[in-house]
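Here is the structure we will look at.
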Amino acid sequence: MRENHHDHNPTDSHHHHGGRPTAGKNLLGPATDELAECPVMKGSTVVKTDAEAAGLYRDYQGTRYWFCCAACEPLFDANPAQYATA
Ligand SMILES: [Zn+2]
């Protein structure tokens, strides 16, 4: 059996500022630009790129909507006007 030793990084109090350099302080973590609220399941946060990769989005009346899961897609299609309220 092989010994599987992986580095364990202790995350004491706060983590490093890794990733993309930001001009200002971003205490919220991921940029809110990346996130959308599912129009069908209100309160469900959707990562836009994930939703688009999965095809879980619609362009309706010039606005793009992202869905949190595949179940929301047909619901939106059934009655887009109900969900696509600005
Ligand atoms: Zn959903």
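The values are calculated or read from the model by the stated rules, or taken from the named source; none is laboratory data. Here the structure is a predicted model, which is why all the values come from computation and not from measurement. FYI the Cβ positions are ideal-geometry reconstructions off the backbone, even for glycines, and counts take in every protein chain you see.
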Failed condition for Cys38, given (1) loosely packed, with under 14 Cβ neighbours inside 10 Å; (2) touching a Ser or Thr at 6+ places or on another chain (Cβ under 6 Å): (1)
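Going by what's in this entry, would Asp59 be described as modelled with pLDDT of 95 or more and away from the ligand (no atom under 16 Å from the Cβ)?
Details: modelled with pLDDT of 95 or more: yes; away from the ligand (no atom under 16 Å from the Cβ): yes.
The answer is yes for Asp59.
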Given (1) among the aliphatic types (A, V, I, L, M); (2) more than 11 Å from the ligand (Cβ to nearest atom); (3) surrounded by fewer than 13 Cβ atoms within 10 Å (Cβ to Cβ), number of the condition Ala71 does not satisfy: (2)
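In the range 66-86, what residues are part of a loop (DSSP other than H, G, I, E, B) and either among the polar types (S, T, N, Q) or out of contact with any strand residue (DSSP E or B) (no Cβ under 7 Å at 6 or more places or on another chain) (or both)?
Pass one, the range 66-86, residues part of a loop (DSSP other than H, G, I, E, B): 67-71, 79, 84-86.
Matches in the range 66-86: Cys69, Ala70, Ala71, Asn79, Thr85, Ala86.
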